[in-house]
1. Pulled fully out, how much extra length does the chain show between ASP68 and THR43, if you take 0.36 nm times their separation in residues and subtract their Cα-Cα distance?
2. Local charge sum around THR20 (other residues, Cβ-Cβ under 12 Å, Lys/Arg +1, Asp/Glu -1)?
3. Just the number, please: Stokes-Einstein D of the range 2-61 in µm²/s, Kirkwood Rh from C-alpha pairs, 4 °C, 1.567 mPa s.
4. I want to make sure I understand the PRE zone here: with the label point 7 angstrom from the Cα of THR34 toward its beta carbon, which residues in the range 3-17 have backbone N atoms less than 15 Å away?
5. Between ARG11 and ARG27, what is 0.36 nm times their sequence separation minus the Cα-Cα distance? Round to one decimal in nm.
6. May I ask you to list the GluC sites (Glu not before Pro) in the range 1-44 that are in a DSSP loop and have at most 12 other Cβ atoms within 10 Å of their Cβ?
Amino acid sequence: MLRLNMTVLKRKARSLGDCTVEEIARRAGINKATLHRLAAGETEPSLSTVWKLRGVYGGRLESLISDDTATTHVSVPGQRPAQA
């Protein structure tokens, strides 16, 4: 599962004076509830969202996302998902 790299994002945001998720969301034009869900790892970031954040805070797209292999699931048709 791809995740928004909040460590990198917050560091870039602080450099512009944005210290809260609300300030980051406002500056990037992203719904703050969406950014909260991304920060909590509840959903994967869309390219559009990462592009907006990159446009505001700079850097490379890949620096704002990470691949969380611990939460990556592969589903195989006909098989039940593994129980944790």
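Bear in mind these aren't lab numbers, they're just calculated from the coordinates by the rules spelled out. This one's a predicted model, so the numbers in the text were calculated from it and none came from an experiment. All Cβ positions, even for glycine, are placed from backbone atoms using ideal geometry, and neighbour counts span all protein chains on display.
1. Details: separation 25, 0.36 × 25 = 9.00 nm, distance 1.19 nm.
Contour length minus Cα-Cα distance gives 7.8 nm.
2. Details: positive: LYS10, ARG14, ARG26, ARG27, LYS32; negative: ASP18, GLU22, GLU23.
Result for the neighbourhood of THR20: +2.
3. Numbers: Rh = 11.2 Å.
The calculation lands on 116 µm²/s.
4. Those under the cut-off are 4.
5. Values: separation 16, 0.36 × 16 = 5.76 nm, distance 1.47 nm.
Fully extending the segment from ARG11 to ARG27 adds 4.3 nm.
6. On the way: sites: GLU22, GLU23, GLU42; in loops: GLU42.
Counting only loop positions with at most 12 other Cβ atoms within 10 Å, the GluC sites (Glu not before Pro) in the range 1-44 are GLU42.
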